[in-house]
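Report on one structure; see the data block that follows.
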Amino acid sequence: MSVIMLQWAKGDPRRFEEYVAQNPEGIPEIVAIAKEHGLIAHRFYGSEGQILIADEWPDEESFVRFAEAAGSRIEPMFVAVGATFEPPTFWRKLETHDEVGWGA
């Protein structure tokens with residue numbers, strides 16, 4: 001069963017969006033590496049002073065291999081916008097039989 005990976009960063013979401021818009025080649029390159037390592041789904045979210053990365057991976061190990069392969073591309077992007085990260089957390093789906101949406 002897949003896992004959800006959540007990772008929070010302290011940083012300005014607008015500054016991150018601006019950086020991505022000014023460097024359009026960066027994200028597609030990282031996404032390509034992620035897909036090679038099994039990425040199922042991915043989103044960035046922003047709130048006041050925070051950036052959240054939400055991914056779905058086949059397992060925790062797939063994410064770790066991706067992070068090792070793409071770290072040299074990811075780190076400079078977040079350093080450029082002054083973002084600092086908390087360690088990622090991995091979540092498994094609980095069997096509670098109350099699923100709504102996402103193909104439930």
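Any read-out appearing in this document is the output of simple, stated calculations on the displayed coordinates, not a laboratory observation. Since this is a predicted model, take the numbers as computed values, not measurements. Glycine gets a Cβ as well: all are built from the backbone with ideal geometry, and neighbour counts include every protein chain shown.
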Scanning segment 1-15 residue by residue, those of a type in the set (A, V, I, L, M, F, W, C) and either in contact with a Phe, Trp or Tyr (Cβ under 6 Å, 6 or more places away or on another chain) or over 22 Å from Phe63 (Cα atoms) (or both) turn out to be Val3, Ile4, Met5, Ala9
Scanning segment 50-85 residue by residue, those under 28 Å from Trp102 (Cα atoms) and either part of a loop (DSSP other than H, G, I, E, B) or among the acidic types (Asp, Glu) (or both) turn out to be Asp55, Glu56, Pro58, Asp59, Glu60, Glu61
For segment 29-56, the count of residues that are more than 12 Å from Gln7 (Cβ to Cβ) and either hydrophobic (A, V, I, L, M, F, W, C) or touching a Ser or Thr at 6+ places or on another chain (Cβ under 7 Å) (or both) equals 11
Output for Cβ contacts, cut-off 6 Å, separation at least six or different chains, first residue surrounded by 16 or more Cβ atoms within 10 Å (Cβ to Cβ) in segment 43-69, second of a type in the set (Val, Ile, Thr), reads Glu56/Ile4; Glu56/Ile40; Trp57/Val3
Condition met for Glu95 (exposed (fewer than 11 other Cβ atoms within 10 Å of the Cβ), in a loop (DSSP other than H, G, I, E, B) and among the charged types (D, E, K, R)): yes
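State yes or no: is Pro87 free of Cβ contacts under 8 Å to residues at least 12 places away in the same chain and closer than 23 Å to Pro13 by Cβ? Step through it out loud before you land on a result.
Details: free of Cβ contacts under 8 Å to residues at least 12 places away in the same chain: no; closer than 23 Å to Pro13 by Cβ: yes.
Here the answer is no, as Pro87 does not meet what is asked.
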